[in-house]
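Rule-based calculations on the coordinates, nothing more; no lab input. Every value quoted in this text rests on a predicted model; they were computed, and no experiment measured them. Positions of Cβ are generated from backbone atoms using ideal geometry, with glycine treated the same way; all protein chains shown enter the neighbour counts.
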Amino acid sequence: MELTYRPATELARMIRDGEIGSEALLDAMLDRIERRNPGLNAVVHLDADRARERAKEADAALSRGESWGPLHGLPMTIKETYEIEGMPTTAGAPELKDHRSTINAVAAQRLIDAGAIIVGKTNVPLYAGDLQSYNEIYGTTNNPWDTERTPGGSSGGAAAALAAGLTPLEYGSDIGGSIRTPASFCGVCGHKPSFGIVPARGHVPGPPGSLTAADIGVMGPLARSVDDLELALDVTAGPDRDDAVGWNLALPGPRHRSLEDFRVAAWLDDQTCPVDRRAVALLQSAVAAVRDAGARVDDGARPEGVTLQAAHEVYYDLLTAAMGAGLPRKVFDGMVETASQADPADGSYGVRFARGATQRHAAWLHTHERRLHMRRAWAAFFEHYDVLLCPVTNSLSFRHDHSSPIYERSLEINGRTTPYMDIVVWAGLTGVVYLPVTVVPVGRTDDGLPVGVQIVGPYLEDRTCLAFARHLEQLLGGFTPPPGY
């Protein structure tokens, strides 16, 4: 196995044990990026000189018996939307192309404080607002499994870089599947933490310098193994500075250690948003493997009163409200006009976005109340089940489509034309109610496209998701490199 494909946990151990130096690992990583990134455009900014200085410092510190933390000397990349002092942070927006960060985002600083070396940044869509990764500043990122296809978004550059062995660890963000969908499309692992446990300060959007954390949105790791996900979560989760005065985060351990002790629910398809039958077949095989390994599986269990349709209605109204708050004034004013002039019966995604982005606060509170009742239903559900397995999205990785407007795009699912924005339906089911989700690969289709599964757990029980994901990783083999990489 090429050095840069080794797990982050193993590479960190190798540095600690003196088997390899941080600078030597950085050289291997930079060489790999030079050779492999041009065909992918996953890594869009490098700061090799500062990374080398830091790597030399890491090696010198270790020789003196000093340790910076569990990621001591580990080079890695990070999603472009995280503020990193001295680097551009544009979120792919032309109006931010000259913005250079003067701070580190909280999550990034915690990685650095644990010893990580941020080498560069990976690509995103405009304002991290698409399930593809392309923008006017940096161009288009390709999927290493098929460069004619998208790696997903908005953490698409992160997932593509991991799959191609350009970085051992990444950190992304997720409000509409932006960690989960790229993980699935690129055959890597991702963890969407419980809402609020990793501070969002220093993430763009909102605008640089903003302190408001968007509803639903979370910060979380991507990696090639579950162990790496948990390591990254451990060093980044915890209250922000202001909250740390009065409380600490103490995530409970996993509910079970043995796979056969898990109570598993499976929700693999739904007529509200039918899933590509090739993905469903792989998900069914994964569930069968879990059942054969001794776990108890219920294919019909659902939270009482929660349907995919109702969840999507609540999710989309709250998602658009969260995203609308960060829109430029001119765009927001256009949304007001669109919402006011639209036919009341118009339920198209574009009109729904305009209505949601410009809704009255009273309307938001009403929808939020519906969300709270759904959260109660999920909490009751997890009294009887430990995890839920469900699709990441309805689609496999698809061919690049940069047509505009986004709401007029479509995808072919099982021979039927479906709205492009249906991509977020399965992500919203769990995101809107703040639940933790781990994604791991479950296999590849006959034409070689990866598929992942959402492993959903109870709120704040992230370690239960990760523990089950580790079992599934062992059962099914986990990450494998794309052909030719």
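Stretching Val336 away from Arg302 to a fully extended chain increases their span by 8.5 nm, per 0.36 nm per residue minus the current alpha-carbon distance. The three principal axes of the Cα atoms in the stretch 336-485 give end-to-end lengths of 54, 41, 25 Å, sorted in falling order.
Here the calculated FRET efficiency for Tyr485 and Asp261, from their Cβ-Cβ distance with R0 = 35 Å, stands at 0.40, rounded to the nearest 0.05.
Packing here is the average count of other Cβ atoms within 10 Å per residue, and on that basis the peptides 41-49, 374-382, highest first, run 41-49, 374-382.
For the pair the stretch 45-76 and the stretch 162-204, the centres of their Cα atoms are 23 angstrom apart.
Magnitude of the charge dipole for the chain, about its Cα centre and with charges confined to Cβ atoms of Lys, Arg (+1) and Asp, Glu (-1), is about 280 debye. A Cβ-based charge dipole, computed about the Cα centre of the stretch 3-245 with Lys and Arg at +1 and Asp and Glu at -1, lands at about 240 debye.
Using just the Cα positions, wrap the stretch 326-373 in a convex hull and report its mean projected area in square nanometres, one decimal place. Intermediate results must be reported in sequence, preceding the final value.
Numbers: hull surface 15.6 nm².
Averaged projected hull area, Cα only: 3.9 nm².
Working from label points 7 Å from Cα in the Cα-to-Cβ sense, the Arg241 to His361 distance is 2.8 nm. Take the Cα of Leu249, go 7 Å toward its beta carbon, and the backbone nitrogen atoms of the stretch 99-124 under 18 Å from that spot belong to 104-116. Close Lys pairs in the chain, defined as Cα atoms under 22 Å apart and 8 or more places apart or on different chains, number 7.
From most to least packed by mean Cβ count within 10 Å, the peptides 139-146, 302-309 give 139-146, 302-309. Per 5 Å bin, what percent of the C-alpha pairs of the stretch 302-382 does each bin hold, from zero upward? Answer for the stretch 302-382: a P(r) of 3, 15, 23, 22, 16, 10, 7, 4, 1 percent.
Express the Stokes-Einstein translational diffusion coefficient of the stretch 3-245 in µm² s⁻¹, to the nearest whole number, given a Kirkwood radius over alpha-carbon pairs, 10 °C and a viscosity of 1.306 mPa s.
Details: Rh = 17.3 Å.
D, rounded to a whole number, is 92 µm²/s.
Between Arg35 and Glu408, the C-beta separation translates, for a Förster distance of 41 Å, into a calculated FRET efficiency of about 0.60. Among the GluC sites (Glu not before Pro) in the stretch 314-393, those located in a DSSP loop and surrounded by at most 10 other Cβ atoms within 10 Å of their own Cβ are Glu383.
When the dipole is taken about the Cα centre of the stretch 1-40, and only Lys, Arg (+1) and Asp, Glu (-1) are charged at their Cβ, what size is it in debye, to the nearest 20? Its charge dipole is roughly 160 debye. Annotation for Leu475 and Gln284: the two label points, set 7 Å from Cα along the Cα-Cβ direction, are 1.6 nm apart. Here the relative contact order of the stretch 3-245, from alpha carbon pairs under 8 Å that lie six or more residues apart, stands at 20 percent. Descending by average beta-carbon neighbour count within 10 Å, the peptides 173-182, 425-434 line up as 173-182, 425-434, the highest first. Using only alpha-carbon positions in the chain, the gyration tensor eigenvalues give semi-axes of 32, 27, 22 Å once each is multiplied by 5 and square-rooted (largest first). What the Cα convex hull of the stretch 238-282 gives, in volume per residue, is 181 Å³.
Projecting the Cα atoms of Trp68, Leu211, Pro481 onto the charge dipole of the chain, computed from C-beta unit charges around the Cα centre, puts Leu211 farthest toward the positive end.
Where Rh denotes the Kirkwood radius from the mean inverse Cα pair distance, what is Rg over Rh for the stretch 1-127?
Numbers: Rg = 14.8 Å, Rh = 15.1 Å.
Across the stretch 1-127, the Cα-based Rg/Rh ratio is 0.98.
Computed as a quarter of the hull surface, the mean projected area of the alpha carbon convex hull for the stretch 168-241 stands at 5.0 nm².
Based on the Cβ-Cβ distance of Leu211 and Arg291, what FRET efficiency does E = 1/(1 + (r/R0)^6) give at R0 = 35 Å, to the nearest 0.05?
Details: r = 47 Å, r/R0 = 1.34.
Between Leu211 and Arg291 the formula returns 0.15.
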